[in-house]
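Data block below; observations after.
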């Protein structure tokens, strides 16, 4: 056996295979050899009070709007051409679903603002309904 290869002969040996692991309270993850870690609150950049949700204000999220859905076979997708129409499961005028990172958080109506599409929020999905969709 080469000297640089390490083979563990049992699961209770350390990576060098020299000594058995300590079975004391440290092994159960209750404390580290250096003692318990002291957690201190994070302070805001200005050294003032403890930072809260403000830390997340500049975090980017992916927001998407879904007008509707449909199922298509591969053959139907390959047959799509210019001017093809895809029928969706929602009626014209029904609210569009607004998703943040894949979770539906609101419903709204599609509007045009300065020749660009937008969505006016009509209803925010309740927290309990949002949490029910998270797996």
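The values are calculated or read from the model by the stated rules, or taken from the named source; none is laboratory data. Values in this document were obtained by computation on a predicted structure and should not be read as measured data. For neighbour counting, all protein chains shown are included, and Cβ atoms are generated from backbone atoms with ideal geometry for every residue, glycine included.
Computed values, structure above
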{"read-out": "Which listed residue, of 67, 55, 43, is surrounded by 10 or more Cβ atoms within 10 Å (Cβ to Cβ), over 27 Å from residue 110 (Cβ atoms) and at pLDDT 80 or above", "value": "55"}
{"read-out": "Any hit, the range 98-106, residues being modelled with pLDDT of 95 or more and out of contact with any strand residue (DSSP E or B) (no Cβ under 7 Å at 6 or more places or on another chain)", "value": "no"}
{"read-out": "Checking residue 1 against (1) under 35 Å from the mean Cα position of the chain (by Cα); (2) modelled with pLDDT under 50; (3) exposed (fewer than 10 other Cβ atoms within 10 Å of the Cβ), the condition it does not meet", "value": "(1)"}
{"read-out": "Contacts under 7 angstrom Cβ, first residue in the range 79-93 being in a loop (DSSP other than H, G, I, E, B), partner surrounded by 10 or more Cβ atoms within 10 Å (Cβ to Cβ) and at pLDDT 95 or above, 6 or more apart", "value": "86/70; 87/70; 88/70; 89/70"}
